[in-house]
Amino acid sequence: MREVSYSNQFAESVADIVSEKLRMRLDGVLASIEALPGIGSPNVQKSLRDDYGPDIRKLPFPPFVIVYRYDSIRDLLEFVALPHGRNIA
């Protein structure tokens, strides 16, 4: 069974979303990632790799980017960050 975790930073970013519609969309996208963790791109900007490590993936979720890592050997999925897209260099 896949283990899913959320970093404090990710959880705080989600808590800051005031739009119920956006939160509902996010829940759907997170469920999709949980079902298919390979759907995110491993082609991640250097600034994100520098901040969160070399083994991360990203999935656009306008206006944000979902940053996560997946360990397929241990079947561990961690949602790491939810930065605003305009803040990514």
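Every number in this text was worked out from the coordinates using simple rules, so none of it is lab data. Here the structure is a predicted model, which means the values were calculated and not measured. As a convention, Cβ positions derive from the backbone with ideal geometry for all residues, glycine included, and neighbour counts pool all protein chains shown.
More than 18 Å from Leu77 (Cβ to Cβ) and of a type in the set (A, V, I, L, M): which single residue out of Ile56, Ile17 fits that description?
Values: Ile56 fails: more than 18 Å from Leu77 (Cβ to Cβ).
None of the other options fit; the residue is Ile17.
Applying the selection to region 45-82, what residues are over 13 Å from Ser5 (Cα atoms) and of a type in the set (Ser, Thr, Tyr)?
Of everything in region 45-82, those that are over 13 Å from Ser5 (Cα atoms) and of a type in the set (Ser, Thr, Tyr) turn out to be Ser47, Tyr52, Ser72.
Based on this model, can you work out whether Leu48 counts as in a helix (DSSP H, G or I), surrounded by 11 or more Cβ atoms within 10 Å (Cβ to Cβ) and out of contact with any helix residue (DSSP H, G or I) (no Cβ under 9 Å at 6 or more places or on another chain)?
Numbers: in a helix (DSSP H, G or I): yes; surrounded by 11 or more Cβ atoms within 10 Å (Cβ to Cβ): yes; out of contact with any helix residue (DSSP H, G or I) (no Cβ under 9 Å at 6 or more places or on another chain): yes.
In short, yes.
Scan region 4-42 for residues that are surrounded by 12 or more Cβ atoms within 10 Å (Cβ to Cβ), under 15 Å from Pro63 (Cα atoms) and polar (S, T, N, Q) and report the count.
Qualifying residue count, region 4-42: 1.
Residues of region 64-88 being free of Cβ contacts under 8 Å to residues at least 24 places away in the same chain, within 13 Å of the chain's Cα centre (by Cα) and surrounded by fewer than 16 Cβ atoms within 10 Å (Cβ to Cβ), which ones?
His84
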